[in-house]
Amino acid sequence: MNLYRSYKNLQDDLQNGSVKCVEVVNYYLSRIEQNKGLNAFLEVWGDEALQRAEAIDEKIKQGKAGRLAGMVIAIKDNICYKYHKVSAASKILEGFVSLYSATAVERLLAEDAIIIGRTNCDEFAMGSSNENSAYGKVLNPCDNTRVPGGSSGGSAVAVAAGLCMAALGSDTGGSIRQPASFCGVVGIKPSYGRISRYGLIAYASSLDQIGTFTNNIHDCALLLEIMAGKDGYDSTMSQKPVPALSEELPSVNVKKLKVAYLEDCLNREGLDPEIKKGVLNMVQALKDAGHVVEPVSFPFLDYGVPVYYVLTTAEASSNLSRYAGVNFGYRSPAATNIESTYKKSRSEGFGTEVKRRIMTGTFVLSAGYYDAYYAKGQKVRRLFLDKTNAILEKYDLILSPTTPGTAFKFGQNDLDPVKMYLEDIFTVQAPITGLPAISLPLGRHSNGLPFGIQLMGRKYDELTLLAFSKYLMEDMK
Ligand code: GLN
């Protein structure tokens with residue numbers, strides 16, 4: 001069997017009988033085995049995937065298979081799957097088994113997708129390099145001496161290295177788009193409220209969103225339309241109907257779309273000159289093709305990362321208080337009473353970065369500093385939203401680089417957390433504002449590594465975002 005880079009091709013072959021789901025699963029299992037050294041998976045559910053494949057092969061024969069029949073999908077280790085382990089790559093949840101499935105997972109299974117395993121990530125989705133996992137680093141398949149990005153590094157690598165057809169990740173500040181950029185795959189963070197967060201282990205609930213890694217836009221659109229839509233288990237979900245994205249892509253007149261590009265991003269110190277050139281070349285190519293593409297200014301760019309770290313650490317300090325060694329997860333064997341149970345279990349169970357963020361969040365929420373930090377952060381968030389929406393009133397999409405550089409070496413940002421945090425300078429705007437954004441693997445650096453081009457769209461308008469992405473990926477190339 002050859003590697004399928006698109007579900008459509010696989011689906012055709014499954015329908016005409018030239019390939020079986022069982023073969024597909026076996027194929028990916030052998031690739032996972034061969035690429036074990038990448039450390040992309042924390043657990044592979046091989047036997048179960050094969051059993052499911054057999055049942056789905058039977059359904060295909062009877063003409064009763066779902067819309068994702070035989071699509072082999074990996075899920076980030078912070079997304080719950082009933083009766084399967086989930087740990088958020090943390091020692092504090094080691095051995096924990098989920099009693100229910102995330103809504104996103106339920107919807108994939110209902111369409112006969114095959115979940116093959118859970119992928120490595122930064123602990124509690126906090127990080128930009130996957131170096132914060134309690135279960136070891138993940139290697140970038142393009143260059144094993146470099147990070148895959150984070151926090152959904154394992155999912156990005158699983159798709160980039162052909163260990164599955166698609167993968168789920170979560171994005172709070174760039175955790176899907178940045179690793180997608182570093183590994184050369186498509187990664188989308190949908191609008192806040194598009195995909196239910198039920199069953200996603202919370203980091204910063206007002207920004208967290210589940211999204212996908214795929215090799216192409218059609219797969220991305222299909223997965224999104226299946227997972228998206230209202231859910232009684234998540235009160236922050238949009239009630240808006242979800243269009244049949246994968247079918248409606250051709251109905252969008254991409255020629256008419258107006259695109260803005262953020263000058264402040266391109267003039268930002270620290271942006272790799274080749275990435276800058278890549279974006280400017282794309283701007284020129286679009287202009288040559290007759291599009292309206294204009295520079296706009298977004299003067300708040302430098303406030304994005306600080307605001308992100310005030311708001312997300314505040315939410316994390318509250319969300320992560322549930323890991324107390326009492327109801328579930330790790331309990332320190334040295335604990336003797338309730339107080340030492342809390343203190344020792346949390347001290348021993350959480351890694352350094354998670355502790356740093358819990359402490360920062362506790363500080364910004366503390367009585368004396370609440371107005372100075374958290375309340376101010378909320379105001380800046382509002383400014384971000386207003387200014388970004390003002391741009392999107394005049395333009396359909398906003399173009400920028402996804403990341404300031406290509407994948408960096410392991411350990412490079414270890415000693416300087418702020419430098420690591422600045423990795424997210426271009427990606428935090430979308431989750432701060434709740435808007436959808438995608439990273440497209442359109443750049444190639446002279447160092448041999450890929451880099452992403454980011455597009456951000458209007459809230460809930462994934463259709464336009466995806467239609468233009470398809471145009472850039474397939475027609476402009
Ligand atoms: N890299 C960012 C961080 O460290 C983003 C994380 C995320 O999106 N989950 O918080």
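The values are calculated or read from the model by the stated rules, or taken from the named source; none is laboratory data. If you're wondering where the values come from, they're calculated on a predicted model, not measured in any experiment. Cβ: placed from backbone, ideal geometry, glycine included. Neighbour counts: every protein chain shown.
Across segment 1-42, the qualifying residues are those that are within 16 Å of Val72 (Cα to Cα) and without any contact (Cβ under 8 Å) to a residue 24 or more places away in the chain, and the one among them that is surrounded by the fewest Cβ atoms within 10 Å (Cβ to Cβ) is Asn2. Within segment 360-394, being hydroxyl-bearing (Ser, Thr, Tyr) and not in a helix (DSSP H, G or I) holds for Ser366, Tyr369, Tyr370. Is it true that Arg197 is modelled with pLDDT of 95 or more and within 24 Å of Pro241 (Cα to Cα)? Yes; evaluated as a whole, the condition is true for this residue. Residues in segment 395-429 that are among the charged types (D, E, K, R) and either crowded, with 20+ Cβ neighbours inside 10 Å or part of a helix (DSSP H, G or I) (or both): Asp396, Lys419, Glu423, Asp424.
Is it the case that segment 194-216 has a residue that's assigned to a strand (DSSP E or B), touching a strand residue (DSSP E or B) at 6+ places or on another chain (Cβ under 9 Å), surrounded by 24 or more Cβ atoms within 10 Å (Cβ to Cβ) and among the hydroxyl-bearing types (Ser, Thr, Tyr)? Even if it seems obvious, please write down each step before you answer.
Of all residues in segment 194-216, those assigned to a strand (DSSP E or B) come to 195, 200, 209-214.
Remaining after also requiring touching a strand residue (DSSP E or B) at 6+ places or on another chain (Cβ under 9 Å): 195, 200, 209-214.
Right, trim to surrounded by 24 or more Cβ atoms within 10 Å (Cβ to Cβ) and you get 195, 200, 209-214.
So of that shortlist, the ones also among the hydroxyl-bearing types (Ser, Thr, Tyr) come out as 212, 214.
Scanning segment 194-216, I find at least one residue that is assigned to a strand (DSSP E or B), touching a strand residue (DSSP E or B) at 6+ places or on another chain (Cβ under 9 Å), surrounded by 24 or more Cβ atoms within 10 Å (Cβ to Cβ) and among the hydroxyl-bearing types (Ser, Thr, Tyr), so the answer is yes.
Scan segment 365-385 and give yes if some residue there is among the β-branched types (Val, Ile, Thr) and farther than 17 Å from Leu93 by Cα, otherwise no. Yes, segment 365-385 has at least one match. In summary, Pro190 fulfils each of the numbered conditions (1) crowded, with 24+ Cβ neighbours inside 10 Å; (2) away from the ligand (no atom under 16 Å from the Cβ); (3) touching a residue at least 60 places away in the same chain (Cβ under 8 Å) with the single exception of condition (2). Out of contact with any strand residue (DSSP E or B) (no Cβ under 6 Å at 6 or more places or on another chain) and outside any helix (DSSP H, G or I): is that true of Pro306 in this structure? Judged against the criteria, Pro306 is not a match. Assess whether Glu131 counts as being crowded, with 24+ Cβ neighbours inside 10 Å and either touching a residue at least 12 places away in the same chain (Cβ under 8 Å) or of a type outside the set (Ser, Thr, Tyr) (or both). So Glu131 fails the test.
Number of residues in segment 307-328 that are surrounded by fewer than 21 Cβ atoms within 10 Å (Cβ to Cβ) and either without any contact (Cβ under 8 Å) to a residue 60 or more places away in the chain or more than 16 Å from the ligand (Cβ to nearest atom) (or both): the value is 8.
Quick one: would you say Glu462 is of a type in the set (Asp, Glu) and buried (at least 19 other Cβ atoms within 10 Å of the Cβ)? For Glu462, the condition - of a type in the set (Asp, Glu) and buried (at least 19 other Cβ atoms within 10 Å of the Cβ) - is met. Within segment 240-283, work out how many residues are crowded, with 17+ Cβ neighbours inside 10 Å, over 18 Å from Gln454 (Cα atoms) and of a type in the set (Ser, Thr, Tyr). Final tally of qualifying residues: 1.
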